[in-house]
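Engineer: Provided herewith is a single structure, encoded as structure tokens, for subsequent inquiry.
Values in this text are rule-based calculations from the coordinates and carry no lab data. Keep in mind that this is a model prediction, so the values were computed, not measured. Using ideal geometry, Cβ is built from the backbone for each residue, glycine included, and neighbour counts are taken over all protein chains shown.
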Amino acid sequence: NMEGDVVHIRLRSTIINTLTNETIIVPNNQLVGNSIHNYSYHDSRIIVINSVQVAYESDLDLIKKVLLEMVEKSPYALKDPRAEVKIMSFEDSGILVELWSWIGDATQKMAAKAWNNLEIWRSFKNAGITIPFPQVDLHVKEPPQL
């Protein structure tokens, strides 16, 4: 479960430079028979997915509008294909929303995701959209009198 650039393929091992600039030497017998995700084989564009929960009281149309306007300002996101906002599920503390945006360079995935997360927080704060935190309602009942 690692991501990085293949730096060198040798007879017995492959050298990978990870996104955190670590050098990993992987024996080739570990690569044979396992699937490998190649982000740049046919196209260097990839989708970056940012997930955020919003309060149940939130205006979902406003959330979609705020997210799409925010991603238009991204230095990473492509204009085509366009970004999409997806309402994914109803969780215990809120509604799970995902922003799917395309970037042109797979090596910028982490930077794009971090930029989006910060701008989501800023945009939601400015629009008055609440990001809920986990909470539990506790109802205390009186024990029956004996």
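Engineer: Explain nothing, just compute: Karplus ³J(HN,Hα) = 6.51 cos²θ - 1.76 cosθ + 1.60, θ = phi - 60°, for every residue of segment 129-144 in order, whole Hz, x for Gly and Pro.
Structural biologist: The phi angles translate into 8, 8, 9, x, 10, x, 8, 10, 8, 10, 10, 9, 10, 6, x, x Hz.
Engineer: Still on this structure, please answer the following. Between Glu91 and Val7, how many nm apart are label points set 7 Å from Cα along the C-beta direction?
Structural biologist: Rounded to a tenth, the inter-label distance reads 3.7 nm.
Engineer: To continue, here is another question. Among the aspartates and glutamates, which fall within straight-line cross-link reach of Lys86, defined as a Cα-Cα distance under 20 Å, with same-chain neighbours fewer than 8 residues apart omitted?
Structural biologist: Candidates past the 8-residue exclusion: Glu57, Asp59, Asp61, Glu69, Glu72, Glu98, Glu119.
Engineer: Once the other residues with Cβ under 12 Å from the Cβ of Asn126 are scored (Lys, Arg +1; Asp, Glu -1), what is the net sum? Walk me through the numbers on the way to the answer.
Structural biologist: Working: positive: Arg122, Lys125; negative: Glu69, Glu119.
Net charge around Asn126: 0.
Engineer: Also, quick follow-up: Of the listed values (1) 8.8; (2) 15.0; (3) 10.4, grab the one calculated as mean projected area of the Cα convex hull in nm² from the structure here.
Structural biologist: Matching the structure shown: (2).
Engineer: Could you tell me the relative contact order of segment 20-127? Use alpha-carbon pairs under 8 Å, at least six residues apart, and round to a whole percent.
Structural biologist: On the way: 132 pairs, mean separation 36.1, N = 108.
Relative contact order, segment 20-127: 33 percent.
Engineer: For segment 54-68, what does the Karplus curve 6.51 cos²θ - 1.76 cosθ + 1.60, with θ = phi - 60°, yield as ³J(HN,Hα) per residue in whole Hz, taken in order and with x for Gly and Pro?
Structural biologist: Each residue of segment 54-68 in turn: 10, 5, 4, 7, 5, 7, 5, 5, 5, 4, 4, 4, 4, 5, 5 Hz.
Engineer: From the phi of every residue in segment 15-21, what ³J(HN,Hα) in whole Hz does the Karplus formula 6.51 cos²θ - 1.76 cosθ + 1.60 yield, where θ is phi - 60° and glycine or proline is x?
Structural biologist: Ordered by residue, 3J(HN,Hα) equals 9, 10, 9, 6, 5, 9, 6 Hz.
Engineer: May I ask for the angle, rounded to the nearest 10°, between helix 109-127 and the longest principal axis of the chain, with both axes built from Cα atoms and the value confined to 0 to 90°?
Structural biologist: Roughly 20 degrees, rounded to the nearest 10.
Engineer: How would Val85, Val140 line up from fewest to most surrounding beta-carbon atoms within 10 angstrom? Write out the running numbers ahead of the final one.
Structural biologist: Details: Val85 19, Val140 5.
Placing the least packed residue first, the sequence is Val140, Val85.
Engineer: Just in segment 25-112: which chymotrypsin sites (Phe, Trp or Tyr not before Pro) are loop by DSSP and have at most 15 other Cβ atoms within 10 Å? It would help to have the intermediate numbers written out before the result.
Structural biologist: Working: sites: Tyr39, Tyr41, Tyr56, Tyr76, Phe90, Trp100, Trp102; in loops: Tyr39, Tyr41, Tyr56, Tyr76.
Hits after loop and neighbour filter: Tyr39, Tyr41, Tyr56.
Engineer: What's the center-to-center distance, using Cα atoms, between segment 1-35 and segment 57-80 in Å?
Structural biologist: Each part's Cα centre sits 36 Å from the other's.
Engineer: Give the residue list of trypsin sites (Lys or Arg not before Pro) in segment 56-86 that are DSSP loop and have at most 13 other beta-carbon atoms within 10 angstrom.
Structural biologist: Numbers: sites: Lys64, Lys65, Lys73, Lys79, Arg82, Lys86; in loops: Lys73, Lys79, Arg82.
Here the trypsin sites (Lys or Arg not before Pro) that fit, given the DSSP loop and packing criteria, are Lys73, Lys79, Arg82.
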